[in-house]
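Engineer: Have a look at this one before I ask anything.
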Amino acid sequence: MDQQDLFEEASPPFRAPDISKTPGLAEIFELSIDAFYALIHAQMSCLPIHNEISRFAEKVLRSGSRAAASQVAFDRGDPDVAAVLKAAARVSHEIHRLLGLLRFKLVQGVYEARCAPDYYILPALGEHFRLRFGDSPWAIIDEKRSLCLSCDGAGKLELKPLVPAKEGGPPLASEPEDPIEDLWRLYHRSINNEARNNPRLQRQLIPERYRPYLPEMKKQP
């Protein structure tokens with residue numbers, strides 16, 4: 001299953017952007033891979049820039065060649081291009097941030113991580129973690145959008161709405177602490193150099209919204 005298929009699987013209450021309906025998507029990919037991913041990431045932002053995204057796509061398609069497409073796609077003097085690139089950069093930054101900040105723990109035989117990202121980025125995480133976990137099943141839960149991206153032991157990715165706890169799904173509340181998290185916190189404390197603590201830089205690298213999902217950042221009683 002590819003990234004485009006994952007976009008089409010999500011359903012209400014959160015409505016995922018249907019990238020497959022973007023005119024000339026395959027042609028844009030052929031003209032400029034950078035423009036292609038800028039377009040996808042801008043749509044993943046779910047920001048109100050639908051017209052800018054459409055005009056961006058049209059301008060890339062009208063460029064006619066790979067060299068011209070690259071120039072068009074990075075002309076920040078064009079307000080449509082600037083809006084798309086700004087949104088795409090925000091999404092790309094959060095994708096890379098969560099690749100390093102997601103924390104998994106074993107829950108009923110499945111490695112599970114929870115998060116509440118600013119943007120709709122679950123589809124972009126699938127391939128990385130499918131390769132990382134191999135034949136181990138895992139799931140990433142977006143609590144903000146009530147979505148779950150999962151992968152079974154055979155490597156099949158699936159994106160679907162999170163089933164409410166009352167209907168048999170996993171509760172949104174935190175699971176009980178486990179020994180592995182205790183070991184992780186112990187390791188984190190052992191390598192931490194208090195003399196070099198920089199709270200301002202730490203807040204910049206790890207904003208407050210991510211900290212509830214990081215065992216090492218939780219205050220212990």
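Engineer: With a point put 7 Å past each Cα toward its Cβ, work out how far residue 50 is from residue 82 in nm, to one decimal.
Structural biologist: 2.4 nm
Engineer: Rounded to whole Å and sorted largest first, what semi-axes of the equivalent ellipsoid does the C-alpha gyration tensor of the range 26-129 yield via the square root of 5 times each eigenvalue?
Structural biologist: Numbers: eigenvalues 201, 39, 20 Å².
Those come to 32, 14, 10 Å.
Engineer: Further, regarding this structure: Return one whole number: the accessible area per residue of the range 53-153 in Å², for a 1.4 Å probe.
Structural biologist: The answer is 45 Å² per residue.
Engineer: For the pair residue 152 and residue 29, what calculated FRET efficiency results from E = 1/(1 + (r/R0)^6), where r is the Cβ-Cβ distance and R0 = 45 Å, to the nearest 0.05?
Structural biologist: On the way: r = 29 Å, r/R0 = 0.64.
For residue 29 and residue 152, the calculated efficiency is 0.95.
Engineer: If a/c stays under 1.5 just call it rounded; otherwise compare a/b with b/c (prolate if a/b is bigger, oblate if not). Do that for the range 110-149, with a ≥ b ≥ c from the square roots of the Cα gyration tensor eigenvalues.
Structural biologist: Because a/c hits 1.5 or more and a/b fails to exceed b/c, the range 110-149 counts as oblate.
The values are calculated or read from the model by the stated rules, or taken from the named source; none is laboratory data. In this text, all values refer to a predicted model and were calculated from it rather than measured experimentally. Methodologically, a virtual Cβ is constructed for each residue, glycine included, from the backbone with ideal geometry; neighbour enumeration extends over all protein chains shown. Heavy atoms of the whole protein, side chains included, go into the accessibility calculation; ligands, DNA and RNA do not. Shrake-Rupley method; radii C 1.70, N 1.55, O 1.52, S 1.80 Å.
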